[in-house]
Every structure is written in structure tokens, then in C-alpha cells.
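**Student:** Can you read through this structure? Questions will come right after.
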């Protein structure tokens, strides 16, 4: 039921939200910006999981819930499933998405920052800046996963790993 | 007649409690809801049978008191819906469909960005939707619809010969005249049920026309 919105509008809103929090609201405090973005993601995940688990039988254990996140939840959000799920069976899960939708537009070529590199100190390399800027965009999906899992009764901590773009891994550590 | 619905959060905190009685026993209903929470926990932690019903959301009847029956429903997010009803013979399917609609209304209420999870649901739209899903209260009316259908089915064999059919048409007419001479509330309930069941078109036409008082005039058209 209801009306539909173009996907590019959603992508645009999310990119602008990250940019607004990083450059305007908390320009001098990137940690606070990151926390706020993650909190927004938490609330969104909380409400979305309520909607997507209607008419489903309850999950018997944590692995079932994580599999639901990988398959049904991810396909509702991004129209694809998580490509790879790894676990150590002791509360840590790694969800790998080989082409994460919200990172497909992020440039991975550090040579574009050559001008800034010459002006900055040697401690901040172009790769670092690019990685930092990209990681800001990942707090929102980490928050979504964390909100979804906590509403299912699984308190956890979620972090993201972008060693090879546009593939992206989310590491979920379930709190005992 | 559903007298009370409740939404309880996962820490057994009440999120929404609404009773629909004019009498003053709202507190008694709250007490009944509170006692049912123990039964919910018991059902979830000690499942009686394994297999397909192990992790279902619908928990079934929790316990009957002298006047009321309590039904429970547990969502994936550990939110419990409880429903107290005074009907003595509610069908399982009706309760399930009520809980399905209630769940949909709850999801919409919780998706409100201004709603704080864990606090009470203060949405008026949710309250209106919940009051709306109680109707049609499905116990009194399907019986009368069933009687109506049975009467017509019984009279169908008589339509073979002309004389016999004329007689039975008369009987049918008088029976139907009596059938729709009920009070307005029941009449409108029957209309709602027939519209919602959407398979008794004759019943719909009949009751609507009776409501407008031109039943006698158009009755013959249905049978020619």
C-alpha cells in the first residue's frame, strides 16, 4: 500500500545526511557526528525490523536471526542478499556484501587528492582521508543492523570493514 | 465483544491499554491482562508441543475466567498483544485475523519517527484503527447469515413444480420479511458481514433494500 519513492532519492538523502552531519553540524567533532549518524541508523533499523518480521514465526536462535538479516531484511532494503556470511560460532558474525549499494558511488581513486596531499602534513595521506570519508558513510548501515538485532533481543556491536571497495563487510559481535 | 486490547513491550511494560466497555470495570480488565502475562511467559518458555507450532506468533487462548477469555500473540520483537473478549464461542480464524490487523496497525504506529520505542503509544490514528478493527464483531451475525442460506437451500428443491414453488415462494417471502425485521444495529451488522464476506450478494441486496424500506417492491425481481 502507499506511494513509492525513487531509489536515487533515498541514496541522495542518505549521502546528504552524512555530509550535513560531518561538515555542518559537528564539523569539528567527527566522533560525535559518527555517533549521531549511528543513532539515526539504530532507530531506523529498530522500526524496519518490526515491519519486516510481521507474519513470520519467531526465531529460535541467534543464527536464525542473523540469517534473516542476511536474506530477507537485506533484500527488502537493497534488493539483494548478503553474499557471504561467516561465523566463529562464538558470537561473532561477518556479513560480506560484494557490492554495497550505498558505496557504489564512492570514488576509490586516491590520485584525485593530489592537490591536497601536497598542502597537508605527511601524517594524513590521501588514502587515509578517503578511507575516513568513506567510513562516515558506513555508520548508518551499521546502526541499521544494530537496531534491527537489538529489537530482536540480540544486543550487539557492529563495525564495518572496507578493505576492498565496493565490497564491504559488517562485523557483528553479539554481547554475551 | 472485544472488551479490552493491550500491547505490552518486551520488558513487560504496558505500551497501550484500551478497554471498550461502558461499565466501570476497566481496572478489572487491566488486572486480567496483567495476570495473562505470566501465562504468556509460561507458554513461550515451556512449549507443550514441538514442530510447526513451536515458534508461532499466535499463542491461542491463554486462560478463561468466568466471563472473559484472553487471547495472546507474541511478535518477533517480543512485543505481546493481548485481547480480552466476552464471546463464548469465538472462532480461531477470527481471532487470528484480528491479531493480523492489529499487528499491521501497531507496525504503522511504531514507524512514526516521533514515537520513542519503549514509551506509550499516543497515536490517535492507532486508537481509531484499533476501535475500527473490532467491527464487524463476527459472532452474532454469521449465524443469522447461515440461517438465511440454509433456508434458501432447503427451499430450492421445491422450485421444480409451479404450484409447489408458488407456495414456497410465499413462505419464503414471509420468512424473509420476518428475518429483516430486526433492530437497526443487527441489520447494519448483517450488512457489514455480507459485504465483507462478499459471497452472499443476495443477502447484501436484501438487507440493504430492507434498510431503505423497499424490500417488498423488489423482492419479486430476484425470483423471476
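**Student:** Condition first: under 28 Å from residue A:126 (Cβ atoms) and outside any loop (DSSP other than H, G, I, E, B). Now tell me which residues in region A:95-109 satisfy that.
**Tutor:** A:96, A:97, A:101, A:102, A:103
Residues checked against (1) in contact with a helix residue (DSSP H, G or I) (Cβ under 7 Å, 6 or more places away or on another chain); (2) modelled with pLDDT under 75; (3) closer than 17 Å to residue B:8 by Cβ:
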position: B:34; (1), (2), (3): no, no, yes
position: B:40; (1), (2), (3): no, no, yes
position: B:51; (1), (2), (3): no, yes, no
position: B:54; (1), (2), (3): no, yes, no
position: B:63; (1), (2), (3): yes, yes, yes
position: B:69; (1), (2), (3): no, no, no
position: B:81; (1), (2), (3): yes, no, yes
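**Student:** Among A:76, A:31, which is the only one that is out of contact with any helix residue (DSSP H, G or I) (no Cβ under 9 Å at 6 or more places or on another chain), away from every other protein chain (no Cβ under 13 Å) and closer than 19 Å to residue A:142 by Cβ?
**Tutor:** Answer to the check: A:31.
**Student:** Let me ask something additional. Among the residues in region A:5-24, are any within 14 Å of another protein chain (Cβ to nearest Cβ), part of a helix (DSSP H, G or I) and more than 21 Å from residue A:130 (Cβ to Cβ)? Working first, answer last.
**Tutor:** Within region A:5-24, the subset within 14 Å of another protein chain (Cβ to nearest Cβ) is A:13, A:17.
The next check asks that each one be part of a helix (DSSP H, G or I); those that pass are A:13, A:17.
Okay, now just the ones that are also more than 21 Å from residue A:130 (Cβ to Cβ), so A:13.
Within region A:5-24, one or more residues are within 14 Å of another protein chain (Cβ to nearest Cβ), part of a helix (DSSP H, G or I) and more than 21 Å from residue A:130 (Cβ to Cβ).
**Student:** Of everything in region B:61-75, what is away from chain A (no Cβ under 14 Å) and part of a strand (DSSP E or B)? Give them in sequence order.
**Tutor:** Pass one, region B:61-75, residues away from chain A (no Cβ under 14 Å): B:61-71.
Listed by number, the residues that qualify are B:61, B:62, B:63, B:64, B:69, B:70, B:71.
**Student:** Kindly indicate the residue of region B:109-126 that is outside any loop (DSSP other than H, G, I, E, B) and within 12 Å of chain A (Cβ to nearest Cβ) and also farthest from residue A:45 (Cα to Cα) among those meeting that condition.
**Tutor:** Per the criteria, the residue is B:109.
**Student:** Go over the candidates B:129, B:96, B:100 one by one and state the one that is in the same structural domain as residue B:28 (by TED's automatic domain parsing), over 17 Å from residue B:29 (Cα atoms), touching a helix residue (DSSP H, G or I) at 6+ places or on another chain (Cβ under 7 Å) and not in a loop (DSSP other than H, G, I, E, B).
**Tutor:** None of the others qualify; the one that does is B:129.
**Student:** Right, another one. Tell me whether region A:52-70 contains one or more residues that are away from chain B (no Cβ under 14 Å) and over 17 Å from residue A:151 (Cα atoms).
**Tutor:** Within region A:52-70, none of the residues are away from chain B (no Cβ under 14 Å) and over 17 Å from residue A:151 (Cα atoms).
**Student:** Let me ask something additional. Restricting the search to region B:76-108, which residues are within 14 Å of chain A (Cβ to nearest Cβ), free of Cβ contacts under 8 Å to residues at least 60 places away in the same chain, buried (at least 21 other Cβ atoms within 10 Å of the Cβ) and touching a strand residue (DSSP E or B) at 6+ places or on another chain (Cβ under 6 Å)?
**Tutor:** The one that is within 14 Å of chain A (Cβ to nearest Cβ), free of Cβ contacts under 8 Å to residues at least 60 places away in the same chain, buried (at least 21 other Cβ atoms within 10 Å of the Cβ) and touching a strand residue (DSSP E or B) at 6+ places or on another chain (Cβ under 6 Å): B:99.
**Student:** Let me ask something else. Can you name the condition, by its number, that residue A:2 falls short on among (1) within 14 Å of another protein chain (Cβ to nearest Cβ); (2) surrounded by fewer than 19 Cβ atoms within 10 Å (Cβ to Cβ); (3) within 23 Å of residue A:156 (Cβ to Cβ)?
**Tutor:** For residue A:2, the exception is condition (3).
**Student:** Looking at (1) surrounded by fewer than 15 Cβ atoms within 10 Å (Cβ to Cβ); (2) within 18 Å of residue A:151 (Cβ to Cβ), can you tell me which one residue B:22 breaks?
**Tutor:** It fails just one condition, (2).
**Student:** I want to confirm something. Restricting to region A:151-172 and keeping residues that are within 14 Å of chain B (Cβ to nearest Cβ) and part of a loop (DSSP other than H, G, I, E, B), which single residue is farthest from residue A:68 (Cα to Cα)?
**Tutor:** A:155
The values are calculated or read from the model by the stated rules, or taken from the named source; none is laboratory data. Keep in mind that this is a model prediction, so the values were computed, not measured. Ideal geometry is used to build each Cβ from the backbone, glycine not excepted, and the neighbour counts take in all protein chains shown.
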